[in-house]
Amino acid sequence: MGGATSSLAKSVSTPVKWLFSWNKTGDSCQDEAAIAQRFGATPFVHKRRGSMYMDEDGDLAHEFFEEVPIKHDGDQGHRYKMVKKNHHLVPQGDVELPHPRLHVDFPAVLCEVFTGK
């Protein structure tokens, strides 16, 4: 049983050791291409889907609300309520990340916890 666990740990840690030694040359584009060639795809993510929307005025926000008057028979005061706006909104699209991140499905242990001396 111990042999199966150690071979599994070796198969997972070997690509990770190679992956984190890739940045020694300084040319990240060439090294990232080498990683993609070795693994079939690069484990790095450079863009994410934006979570905000743009309205007709060009404002960018997560939610938009509109002030709508409430009309009652015999009501002389001016009362308003806020209604969430769901129409005429355009999604933000892809957003460039400030630095590359690892993909969620990247199957590797990224850090080890050492206890003791």
Sequence-distant residues sharing a close amide H with residue 45 (under 5 Å, placed H)
101, 102, 103
Are there trypsin sites (Lys or Arg not before Pro) in region 33-86 that DSSP puts in a loop and that have at most 11 other Cβ atoms within 10 Å, and which ones?
71
What aspartates and glutamates does residue 81 reach when the alpha-carbon gap must be under 18 Å and sequence neighbours fewer than 8 apart in one chain are set aside?
63, 66, 67, 73
Which length gain, in nm to one decimal place, applies between residue 113 and residue 31 when the Cα-Cα distance is subtracted from 0.36 nm times their residue separation?
26.7 nm
Extended-chain gain in nm, criterion 0.36 nm per residue less alpha-carbon gap, residue 96 and residue 48:
16.6 nm
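Each reported figure results from applying straightforward, stated rules to the coordinates on display, with no laboratory input. Note that the structure is a prediction, hence the values are computed from the model and not measured. Neighbour counts run over all protein chains shown; Cβ positions are idealised from the backbone, glycine included.
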